[in-house]
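Structure first, then comments.
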Amino acid sequence: MVLLAVVGGTYGVGVFDSVSQGGYEDPGSEAVLALRTLQSDPATAAADIVAVYTAPDGERADTDAMAAAVGSALEELPRHAVAGVTTYWETEAPFLISADGGSALALITLAGEDSAAKQALLGDVQDALYVDGVQTTLTGTAPVEAAISDQAKHDLFRAEGIALPIVMVLLVVIFGGVAAASLPVLIGVLTVSMALGVLRLIATVTDVNEFAVNVAGLLGLGMAIDYGLFIVSRFREERHGGAAVADAVRTTVATAGRTVAFSALLLVVALSTLLLFPQTFLNSLAYGGMTAVTLAALVALIALPAALAVMGHRIDAWQVPFLRRRRRDRSRFWNRLATGVMRRPVLVSVPILAVLVLLISPFLNTTFGSPDERVLPEGDPARVAIENLTTDFPAVGGDNIQVVLHADDHHPLDDAVVAAAVADVQAVPDVQAVDVTSPPQASVTVLEARYDGDAAGAAARQAVRTIRDLDPPDGVELLVGGATAIDMDSLDAITDQLPLMGAILVGATLVLLFLAFGSVVLPIKAAVMAAVSLTATFGVLTWIFVDGHGTGLLQVTPQPMEIGVVVLMGAVIFGLSTDYEVFLLSRIVEARANGADTETAIRAGLVRSGRVITAAALLLIVVTGAFALSGIQMMRFIGIGMIFALALDATVIRMLLVPSLLKLMGTANWWAPGPLRRVQERLALRH
């Protein structure tokens, strides 16, 4: 396993060079078809780089001197890297010069076929675009993607650099010694090394969004450490109970290892639901997450038991004296908590459910959108450049509605046809102005419809629907694209698949937990608790990131939720919630199988697993919560969401609400139809 990690880590060093940006849209949607149509003609192909040239000392940009200076620089661009260049000085298009005439644009289309290829070419051309004596600002898709990519790399290395030392200290505190604490960290390092190598291998056969690397790195590290914590804790428990090393390893794998296997399988199934959606972004996150969790489980179930067998009694080496406490002292708090919950289950459960309903309520009115330059921090040069472009050149930089007109015979449209189309679009409510941004000789005509309000607002969405309902002239195809249309189509594609995703998540939970515990009631309760934890988390995130409460403190910009990130977090949080349910229930079911009644089994399960579950959640909060330190708002959204979800689930829900509900349900917890129970027993999956 160490050898595989070395090979995988060495190969995985270049993973960022193999991944790409983008993939947030539905590739089969009308908005993407509109984009492909305008890209089919070099004269209308969307620019990858927008170069803003500002004349010095308040002069105008439309002078012969400016034209000569800019033209000379653009002629030096490497031919292999550039597919097309459009400038104000060649076309004199009014939308390519600012209102005060001080700045004008050059639009550069790179020759690469995809985002990764264009990023590779960006470095070949950006230096040549700067003109001596002329203020030059580069913006557009390629520079913004480069800024996000650089930030993502920096965030990943910084997050792991911060998380690992903190995790190591916490593990020493949890185990009371260095030897035991080192094993989960070692498992995490092995997992991440292999995951990066596998992810780079996947990127050679399909598109992978670079955020999959962040997800694989942090989720792999977090889950491996959690799985290592559960297995090492159970091994030490068996050793302290007098078991020989070999017997302790066997019992650990048969109990904690079995639980880890079920938990990992549930989380992998949850992450696999991201493959249901057409967006490459979500597919990429599925690859990264599934790879990380699978490898974490394999390393924990193969390498860790071998390491425990080698270490044997030395697992308690290098103890820290002031951290050594008797087991009875450590479990005193959990005994008191379990007794209190068992004594007053209604008084515990009802207020918690009321608060959870309150937390869920903001999510009922949330809005969704796609990531844009606002994911970067305020003041970031790439974000500022886009904001200035939107202000000075609204036809180029604004989130306009793009209307693409294309004749069946591929010939340019008559002026009368174009004028009629402009008039029709101009008549749509909330449309303020319409600019024709394609040259007359182009086979594709592009109209930029400007509107009042936000791209994710109701006015923009209604305008898209109204324009799509317009009747185009005979022989002309009308397609509507742009940011708003892409968001709408992407949201429709996701909502179409959400019922199937939910069915798979719930179905997998019911089946796997039934096979694990032999009860029909426990899996239903687990699915409900996971859904409650998930929606409460989204309610809090809506209150912060969409409604804008506390954004000044967090230094984020209120904006609609990115639907792809919401779906990702839905899969991860649902899976992790079920994970902790499995860890708790496994100890309860084990106690009951050893002859305890329901209340005694619940108390024993809570006492034996409570400290480990809360410790595991704390460690995972440190690892995945490192996203909250990211300079990219989308990653900060994930980090804060994971912190809240894990804290809520591992404490309030798992330690208070679930035991109180189990107490109220009594012997009904263990009910299952006879035929199903016999199937489960025949599969030998019971403790």
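Values for this structure:
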item	result
Relative contact order (%) - the chain, alpha-carbon pairs under 8 angstrom, separation at least six	19 percent
Förster radius 22 Å - calculated FRET efficiency between Tyr130 and Arg79, Cβ distance, rounded to 0.05	0.75
Ordering of 496-508, 216-228 by packing [mean C-beta count within 10 Å, highest first]	216-228, 496-508
Linear extension gain, Ile504 paired with Ala420, 0.36 nm per residue minus alpha-carbon span	25.3 nm
Mean ellipticity per residue at 222 nm, deg cm²/dmol - from DSSP H runs of n ≥ 4 across the chain, formula -39500 (n - 2.57)	-20000 deg cm²/dmol
Inter-part distance where segment 335-371 and segment 382-415 are each reduced to a Cα centre, Å	47 Å
Candidate lysines for bridging to Lys663, where Cα separation is under 30 Å - those fewer than 8 sequence places away on the same chain excluded	Lys525
Rel. contact order, % - alpha carbon contacts under 8 angstrom, at least six apart, segment 388-484	38 percent
Interatomic Cα distance distribution for the chain, bins of 20 angstrom, percent	17, 45, 26, 12, 1
Sorted by Cβ density within 10 Å, fewest first, the residues Val167, Val511	Val511, Val167
Leading residue at positive end of dipole, the chain (Cβ point charges), from Gly241, Leu121, Gly22	Gly241
Peptides ranked, highest mean first, by Cβ atoms within 10 Å: ranges 653-662, 124-133	653-662, 124-133
Lys/Arg +1, Asp/Glu -1 at C-beta; the chain dipole; positive extreme among Leu683, Asn400, Val268	Leu683
Spherically averaged projected area in nm², based on the convex hull that wraps the Cα atoms of segment 388-484	5.8 nm²
Dipole magnitude (debye, nearest 20) for segment 48-139, charges at Cβ of Lys, Arg, Asp, Glu	160 debye
Segments 244-250, 209-215, 471-477 sorted - mean Cβ within 10 Å per residue, highest first	209-215, 244-250, 471-477
Viscosity 1.567 mPa s, temperature 4 °C, Stokes-Einstein D of segment 48-139 from Kirkwood C-alpha radius, µm²/s	97 µm²/s
Folded to 0 to 90 degrees: helix 115-125 orientation relative to the chain principal axis, Cα	50 degrees
Least to most buried among Ile148, Ile162 (fewest other Cβ within 10 Å first)	Ile162, Ile148
In nm, spacing of pseudo-spin labels at Asp492 and Thr91 (7 Å Cα→C-beta vector)	2.9 nm
Segment 1-74 versus segment 126-181: alpha-carbon centroid distance in Å	21 Å
Assigned charges on the beta-carbon of Lys, Arg, Asp, Glu; the chain dipole about Cα centre (debye)	7400 debye
Computed lengthening from Val169 to Ser361, 0.36 nm per intervening residue step minus Cα-Cα distance	65.3 nm
Those residues of segment 627-655 whose amide nitrogen sits under 12 Å from the label point placed on Ile352, 7 Å along Cα→Cβ	648-655
Difference of contour (0.36 nm per residue) and Cα-Cα distance, Thr557 to Glu681	39.2 nm
Among Gly548, Ala526, Ala463 - extreme Cα towards positive end, dipole of the chain, charges at beta-carbon	Ala526
The chain: angle of helix 211-240 to the longest principal axis, Cα-based, in degrees nearest 10	10 degrees
FRET efficiency, 1/(1 + (r/R0)^6) with R0 22 Å, evaluated for Ser40 and Arg450 via beta carbons	0.35
Charged-residue dipole, Cβ positions (Lys, Arg, Asp, Glu), segment 427-502 about Cα centre, Debye nearest 20	80 debye
Anchor Lys118: lysines whose Cα lies under 21 Å away (excluding residues fewer than 8 positions away in-chain)	Lys153
Directionally averaged shadow of segment 516-599, computed from the convex hull of its alpha-carbon atoms, nm²	7.2 nm²
Two-site FRET efficiency, Arg332 against Val384, from Cβ-Cβ distance with R₀ of 56 Å, rounded to 0.05	0.50
Packing-based exposure ordering (other Cβ within 10 Å, fewest first) of Thr136, Thr484, Thr191	Thr136, Thr484, Thr191
Degrees, to the nearest 10: 280-311 long Cα axis against longest axis of the chain	30 degrees
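Bear in mind these aren't lab numbers, they're just calculated from the coordinates by the rules spelled out. Not measured: the values here are computed from a predicted model. Note that we place each Cβ from the backbone using ideal geometry, even for glycine, and neighbour counts take in every protein chain shown.
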